[in-house]
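Please treat every number below as a calculation from the coordinates, not as lab data. Predicted model, so just to flag it, every value in this text is computed and none were measured. Note: ideal-geometry Cβ built from the backbone for every residue, glycine included; neighbour counts use all protein chains shown.
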């Protein structure tokens with residue numbers, strides 16, 4: 001299909017005609033798609049433009065909906081398996097018709113109820129939107145990033161080394177466990193920095209900017225000392241310099257900078273009574 005109306009994405013279309021089945025919407029090139037009555041409202045008037053999601057209904061007809069799916073075309077995320085057959089799995093993506101994941105695109109023998117990390121793509125041979133768990137070929141093979149660049153990392157898996165991530169929706173990366181001082185939930189997105197671009201086209205990531213090694217070490221030291229003291233201690237920006245040196249083995253200036261970093265990352269909270277690790 002080579003349509004101006006884009007399957008699997010949000011489209012801005014004009015209300016062109018009303019019928020007994022719903023509203024016919026048209027693109028700038030005159031292509032039409034039906035918005036069924038169940039999604040229409042009295043405020044929708046002929047000539048108005050509306051944003052709709054385009055997908056295939058249970059009879060594989062192209063239709064529009066005002067509902068938003070959990071994932072759109074070319075996006076990564078977790079979806080729950082709600083049914084299975086000998087040929088594949090059906091996943092809930094927030095629309096009346098579940099999205100299909102062919103067995104050949106699944107890495108494991110999943111079961112109904114499993115939350116599976118998938119990529120949404122278009123099966124061009126059948127012109128259908130599908131989910132795939134074998135997503136590596138959809139990642140960029142060449143990395144167009146630089147060291148210490150800020151990136152958005154989507155957490156996909158807990159590993160022995162730390163957390164596997166999809167970076168900027170384009171690359172494979174890993175956040176090492178010894179640099180992460182908080183539990184990261186699968187499916188969460190964290191701000192991170194490129195620590196190293198590896199020869200296998202994967203990224204080593206850091207929660208903190210690279211280059212302030214002493215600063216990072218001191219922040220980690222504060223967290224470790226807090227953990228050894230029931231995760232809270234009676235010190236803050238106003239504490240005596242000697243008390244800080246005796247308890248945290250650093251200057252007051254370094255202590256204050258580290259507190260600011262940890263607070264900005266929401267790893268600790270600070271008030272007049274002291275500091276504590278955020279849950």
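Counting pairwise Cα distances across the chain, what percent come out greater than 33 angstrom?
When every Cα pair of the chain is considered, 44 percent fall beyond 33 Å.
At a Förster distance of 45 Å, what's the computed FRET efficiency of residue 242 paired with residue 70, Cβ-Cβ distance as r, to 0.05?
Computed FRET efficiency for residue 242 and residue 70 comes out at 0.25.
Among bridges DSSP assigns within the chain, what percent are antiparallel (round to 5)?
Roughly 95 percent of the beta bridges in the chain run antiparallel, per DSSP.
With Rg and the Kirkwood Rh both taken from Cα atoms, where does Rg over Rh land for region 81-233?
Computed over Cα atoms, the ratio is 1.07.
Take region 213-277, compute every pairwise Cα distance, and split them into 5 Å bins from 0; I just need the percent in each bin.
Histogramming region 213-277 at 5 Å steps yields 4, 20, 34, 32, 10, 1 percent.
I'd like the distance between the alpha-carbon centres of region 115-145 and region 215-279, rounded to an integer number of Å.
43
Which angle between 0 and 90 degrees, to the nearest 10, do you get for helix 252-264 versus the longest principal axis of the chain when only C-alpha atoms count?
It is inclined by approximately 20 degrees.
Using a 10 Å cut-off around each Cβ, can you sort 161, 7 from fewest to most neighbouring Cβ atoms?
Ranked by crowding around the Cβ, least crowded first: 161, 7.
Please report 46, 120 as a ranked list, fewest other C-beta atoms within 10 angstrom at the top and most at the bottom.
In increasing order of surrounding Cβ atoms, one gets 46, 120.
Given Cα pairs under 8 Å that are at least 6 residues apart, what percent is the relative contact order of the chain?
For the chain, the relative contact order is 9 percent.
Just from its helices, what would the mean residue ellipticity at 222 nm be for the chain, if runs of 4 or more DSSP H residues each count -39500 (n - 2.57) and the sum is divided by every residue, rounded to the nearest 500 deg cm²/dmol?
It lands at -4000 deg cm²/dmol.
Would you look at the GNM of the chain, springs on alpha carbons closer than 10 Å, and say which of 238, 45, 150 moves the most?
238
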